[in-house]
Amino acid sequence: MDLRWPEPEEAFRAEARAWLTENVPHGLPSGDTPDGFKAHLDWERRLYDARWAVVSWPVAYGGRDATQWEWLIFEEEYYRAGAPQRVTQNGIFLLAPSLFEFGTAEQQDRLLPRIAAAQDLWCQGWSEPGAGSDLAAVRSSAARDPARGGWLLSGQKTWTTRGAFCTHLFGLFRTDPAAERHRGLTYFLVDLDAPGVTVRGFERLDGDLGFAEVFFDDVFVPDEDVLGAVNEGWHVAMATTGSERGLTLRSPGRFLASADRLLDRYRSRPDPALRDRVVESWIDAQAYQLFTLQQVTDIADGASPGAASSLNKLFWSELDVRLHETAMELLGPDGELDGPWPRGFLFSLAGPIYAGTNEVQRNVVAERILGLPRK
């Protein structure tokens, strides 16, 4: 096995590193506050203008036609440079892959350029008060409106990340009330400025306005904003959640950079009692990168990650918690202060919950990868 990058990829890395070194802003406020979100959008649009926002997308949609290998390299350089969080990530990393797979040509031409340019800002409408980890329990509904050629949406979504700042929402609604569980669901694309939509932001544990409740009162959505087939939304949603659990949302670069920062913290404040845990965090980040390289090799050969995305999710979410717990112990009393490590620690605690709880992901791995019986 040769883990060295070929010359074209190294040239791509050098170009990305040079641009990021010259352009990355530092000290932006949290992207989960009104002012911070606006500042992050300025950065997102600079990325787009330089064609770094969506490097793996076709040139026609604002990308560079980069390979998945080059995308991984860009992600690694992005996090190495300490670049800001991507507040457009739900549109770029979650919705867009589903649009490429299930969208019509009209939907792709209409929506993808606006997502890339941070003109349409998307949030995810999965969870409801009675349907969190059990996504198949969705009760928000959509009734046919044949006179206008569309649907009337009713119900509520919650834990909607950055919903208070976004312009659009993608999510599941029940279009066949007689169907049970994952049947009879349809995947809708909703303009949050449409009549009948109410968005109420609420604070996270760290005080940022990171979430929103979204209410739908007979909200009209035209047929052209249904993604995939009617009553087949579960299939589309599983592709989206696969992106959320897998490498699309959590590339190895994120954890490689965190592990390097943890090593720097240890060198500046060594604690022999924590030495092994620091090294383990670094090794785990490297292991996740190697796992991802193997996975991308399989994808390049035509394989689909499928249930393997649950393995990704289990590994990166628990790695993130362990890494930040170690950092907090290294910080000692300073861990009570506001800063990137304490904020990162609080956010890491959500990792085993969002994108499907780890308990559910272990069931997926047991049944679909290991072939164990359900009971």
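The values are calculated or read from the model by the stated rules, or taken from the named source; none is laboratory data. Nothing here was measured: the structure is a model prediction, and the numbers come from that model. Note: ideal-geometry Cβ built from the backbone for every residue, glycine included; neighbour counts use all protein chains shown. Surface areas here come from the heavy atoms of the whole protein model, side chains and all, with no ligands, DNA or RNA. Shrake-Rupley method; radii C 1.70, N 1.55, O 1.52, S 1.80 Å.
Determine which single condition G233 fails, assuming it passes every other condition in (1) under 23 Å from G351 (Cα atoms); (2) modelled with pLDDT of 90 or more; (3) not β-branched (V, I, T).
Among (1) under 23 Å from G351 (Cα atoms); (2) modelled with pLDDT of 90 or more; (3) not β-branched (V, I, T), the lone unmet condition for G233 is (1).
Being of a type in the set (D, E) and crowded, with 19+ Cβ neighbours inside 10 Å narrows it down to one of E9, E15, E22, E70, so name that one.
Result of the check over E9, E15, E22, E70: E70.
I'd like to check something: does the stretch 266-273 contain any residue that is of a type in the set (S, T, N, Q), touching a helix residue (DSSP H, G or I) at 6+ places or on another chain (Cβ under 7 Å) and either open to solvent by 80 Å² or more (accessible area, probe 1.4 Å) or within 29 Å of T161 (Cβ to Cβ) (or both)?
No: zero hits.
For the stretch 35-50, state whether one or more residues are crowded, with 22+ Cβ neighbours inside 10 Å and not in a helix (DSSP H, G or I).
Looking for residues that are crowded, with 22+ Cβ neighbours inside 10 Å and not in a helix (DSSP H, G or I), one finds none in the stretch 35-50, hence no.
Looking only at residues that are at pLDDT below 95 and in contact with a Ser or Thr (Cβ under 8 Å, 6 or more places away or on another chain) in the stretch 251-276, which one is farthest from S304 (Cα to Cα)?
Out of the qualifying residues, it is P252.
Just need a number here: residues in the stretch 130-139 that are modelled with pLDDT of 90 or more and open to solvent by 30 Å² or more (accessible area, probe 1.4 Å).
Selection size over the stretch 130-139: 1.
How do the pairs read when you match residues in the stretch 143-161 that are farther than 20 Å from P177 by Cα with residues anywhere that are surrounded by fewer than 17 Cβ atoms within 10 Å (Cβ to Cβ) and at pLDDT below 95, using Cβ under 8 Å and keeping only pairs 6 or more apart or on different chains?
T158/P129; W159/G132
What number goes with the only condition from (1) of a type in the set (D, E); (2) in a loop (DSSP other than H, G, I, E, B); (3) farther than 20 Å from T292 by Cβ; (4) open to solvent by 30 Å² or more (accessible area, probe 1.4 Å) that D2 does not pass?
For D2, the failing item is (3).
Anything in the stretch 291-331 that is outside any loop (DSSP other than H, G, I, E, B) and without any contact (Cβ under 8 Å) to a residue 24 or more places away in the chain? List them, or say none.
Scanning the stretch 291-331 gives Q294, T297, D298, E325, M328.
When you go through F173, F211, F202 one by one, which is the residue that is farther than 20 Å from T240 by Cβ and among the aromatic types (F, W, Y)? First the steps, then the outcome.
On the way: F173 fails: farther than 20 Å from T240 by Cβ; F211 fails: farther than 20 Å from T240 by Cβ.
So the residue among F173, F211, F202 that is farther than 20 Å from T240 by Cβ and among the aromatic types (F, W, Y) is F202.
Residues in the stretch 108-129: is at least one among the aromatic types (F, W, Y), surrounded by fewer than 19 Cβ atoms within 10 Å (Cβ to Cβ) and either closer than 23 Å to R250 by Cα or under 16 Å from the mean Cα position of the chain (by Cα) (or both)?
Looking through the stretch 108-129, none of the residues is among the aromatic types (F, W, Y), surrounded by fewer than 19 Cβ atoms within 10 Å (Cβ to Cβ) and either closer than 23 Å to R250 by Cα or under 16 Å from the mean Cα position of the chain (by Cα) (or both).
Given the structure, is A142 open to solvent by less than 60 Å² (accessible area, probe 1.4 Å), in a strand (DSSP E or B) and modelled with pLDDT of 95 or more?
yes
Looking at T248, T241 in this structure, which one is within 30 Å of S141 (Cβ to Cβ), within 23 Å of the chain's Cα centre (by Cα), at pLDDT below 85 and assigned to a helix (DSSP H, G or I)?
T241
Can you tell me how many residues within the stretch 5-17 are touching a residue at least 24 places away in the same chain (Cβ under 8 Å), hydrophobic (A, V, I, L, M, F, W, C) and assigned to a helix (DSSP H, G or I)?
Residues that pass the stated criteria total 2.
Select from the stretch 319-375 the residues that are in contact with a helix residue (DSSP H, G or I) (Cβ under 6 Å, 6 or more places away or on another chain), closer than 23 Å to S251 by Cβ and open to solvent by 40 Å² or more (accessible area, probe 1.4 Å) and list them in ascending order.
F345 - this is the single residue of the stretch 319-375 that is in contact with a helix residue (DSSP H, G or I) (Cβ under 6 Å, 6 or more places away or on another chain), closer than 23 Å to S251 by Cβ and open to solvent by 40 Å² or more (accessible area, probe 1.4 Å).
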